[in-house]
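Notes follow the structure.
The values are calculated or read from the model by the stated rules, or taken from the named source; none is laboratory data. What you are looking at is a predicted structure, and each value in this text was computed from that prediction instead of being measured. Heads up, the Cβs are rebuilt from the backbone with ideal geometry, glycines too, and the neighbour counts pull from every protein chain shown.
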Amino acid sequence: MIKIAKIVKSNSHVDYVGRVIDRLDAAAPPTADDYGFAQFVSIPIHEREEIVGVIYDTQLANPEYGSFGPRLSSHAELNVLSPDYLNEQGVLVGVLLLGTREKKQDAGGGDGGGSGDWTNTHGVPRRVIPVGQDVYRLGEADMYGFHRDAAGFVHLHYYSRVIAHAREFAVPLLEAVLEQLEPACPREERQRLCVLKRSLVWQRTMGGMRL
């Protein structure tokens, strides 16, 4: 998995903020595609358990904004003389926690994302994530597995939590999630997702009409 950020604070028990790692933190930092809107992420708790979340917001951190003092050093000089100064600028991502994945005791090693290797739970994680915890990009196979129940059907039991916590981003976030899930679903499942997508379009349309 690709490490994309470190947790720096929380807004609530399910709403965390991570700082995207940059070239001062890693030789090969993540690209913008790795931490885009609706990107699923994994936050490991221990070897066999991880918390799953989704990026629903981003912010630019730039303490230099509003500072109109003289520039005594160029950007290249600061990179050598004061690299910590440059590191104050960065990207912050809002991560909404959706549930947990726990490795089954009889599952083998490797990075397999099949739902049969993991127990996937959509709910509020009990654990508090500490500051400095690493955040990884969740691969497609793991993302699909997280959304399938024991019978193999797609489910989004975190739907109401997204509506409650993602605020103005809730509907576009759910639409983006459905777009990611749809390609891997059989025709019957895609029909179910299509009904949900139409409901989201209606909510977005009616929400835009409110005065």
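Answer with yes or no whether A151 is modelled with pLDDT under 95 and not in a loop (DSSP other than H, G, I, E, B).
Values: modelled with pLDDT under 95: yes; not in a loop (DSSP other than H, G, I, E, B): no.
Here the answer is no, as A151 does not meet what is asked.
When the residues of the stretch 9-64 are narrowed to those that are under 12 Å from L92 (Cβ atoms) and of a type in the set (G, A, S), which ends up modelled with the lowest pLDDT? Filtering the stretch 9-64 for residues that are under 12 Å from L92 (Cβ atoms) and of a type in the set (G, A, S), the one modelled with the lowest pLDDT comes out as A61. Filtering the stretch 118-138 for residues that are outside any helix (DSSP H, G or I), over 28 Å from A28 (Cα atoms), modelled with pLDDT under 90 and out of contact with any Phe, Trp or Tyr (no Cβ under 6 Å at 6 or more places or on another chain) leaves a non-empty set. Of the strands (runs of 3 or more DSSP E) entirely within the stretch 1-70, those holding at least 3 residues that are among the aliphatic types (A, V, I, L, M) occupy 3-10, 40-46, 49-61. Only one entry in L178, L156, L96 is touching a helix residue (DSSP H, G or I) at 6+ places or on another chain (Cβ under 6 Å), more than 28 Å from P29 (Cβ to Cβ) and at pLDDT 90 or above, namely L178.
Being loosely packed, with under 12 Cβ neighbours inside 10 Å and over 18 Å from S42 (Cβ atoms), is that true of even one residue in the stretch 117-136? No, the stretch 117-136 contains no residue that is loosely packed, with under 12 Cβ neighbours inside 10 Å and over 18 Å from S42 (Cβ atoms).
Residue count for the stretch 137-183, restricted to those that are within 20 Å of the chain's Cα centre (by Cα) and closer than 20 Å to N120 by Cα: 27.
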